[in-house]
Amino acid sequence: METRNHSTVTEFILLGLSTDPTIQVVLFTLFLAIYTATLASNGLLILVVTFDHRLHNSMYFFLANLSLLDIGYTSITIPKMIVNFLAEKKTISFTGCFVQAYFFIFFGISECILLTFMAYDRYVAICNPLRYNMVMNRTACGQMIRVAWVTGCFTSSVDIVFIVQLSFCSSNVVNHFFCEAPTLVQLSCSDLSLTNVVKLVGSSTMILVPLLLIVLSYVRIITTIMKFDSGKYQAFSTCFSHLIVVVIFYGAAVFLYMTPEHGGAITVKVVSVMYTVVTPLLNPLIYSLRNRNVHRALGKLIKTAAII
């Protein structure tokens, strides 16, 4: 593999979602509103979980961490995209591009692991309810969160170490709205044999293994629920929100990282918008709209803020 021959490329050009100036203005307004709503909804959910003692259990602890990851996830991609909608020169520095790719992988892998622990939390709650408080105690939950963040940090570091050593000696045009690792690799003029092997192994481990664990958890959950004489709907409802998030997030991840052909740049951009923009906006809504405890906590927080 060629190493660190970057003399011909000092910056990358991001083509974004559209080159039409009129459409870019519309997209600027739309994504600015989405980003603002994402920060507000996820930030509000974190505040609600933090300040209401009734929500101090594993389920809401994981949910608050999911919101924190979603804030990081969107903040590493959307602000630059919004700026480029109105910028004449739609570039990002070589270093800035790889920093963006690093943190995107970091937040993405951390979320994969977190969603797995959230499935395990539902498994314990439904299949072993008498042991729930003992198994999912504060210490165990803290350790799970640390595993998620450390795994994300380790995986992103390994991926970027391999990618940053590639040579970029011709095109610096990134047909995307942010610096995503697979897109950068396609621009390289180096031998990609080892990089592709690392990508395949990493994707299989960090996407398929957590997904398999989630599927196994829900097989056990559904099997247990079907044995209930009553309360089946209520039991299913506690898992429904998590299942929606898993389907959207992992569906996009498997499509982009586990399939050799994605169906073209437009398809890649559309799917990327789904899990980098739409999913972080929907997550707090999906989890809170059907949750009475969150409703009560939010009402209490609003009343407290009004008094102050």
Legend entry - Total residues in the range 194-228, condition among the basic types (K, R) and at pLDDT below 90: 2
Inset, instruction - Select, from T238, T276, the only residue that is modelled with pLDDT under 80 and β-branched (V, I, T). - result: T238
Legend entry - Candidates A64, A33 - the one that is in a helix (DSSP H, G or I) and modelled with pLDDT under 95: A64
Legend entry - Enumerated helices (runs of 4 or more DSSP H) restricted to the range 113-212, each holding at least 3 residues that are touching a strand residue (DSSP E or B) at 6+ places or on another chain (Cβ under 9 Å): 181-187
Inset, instruction - Within the range 294-303, track down each residue that is at pLDDT 75 or above, in contact with a helix residue (DSSP H, G or I) (Cβ under 6 Å, 6 or more places away or on another chain) and surrounded by fewer than 18 Cβ atoms within 10 Å (Cβ to Cβ). - result: L298
Inset, instruction - Can you give me the number of residues within the range 68-98 that are in a helix (DSSP H, G or I), out of contact with any strand residue (DSSP E or B) (no Cβ under 9 Å at 6 or more places or on another chain) and surrounded by 15 or more Cβ atoms within 10 Å (Cβ to Cβ)? - result: 12
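The values are calculated or read from the model by the stated rules, or taken from the named source; none is laboratory data. Nothing here was measured: the structure is a model prediction, and the numbers come from that model. Cβ: placed from backbone, ideal geometry, glycine included. Neighbour counts: every protein chain shown.
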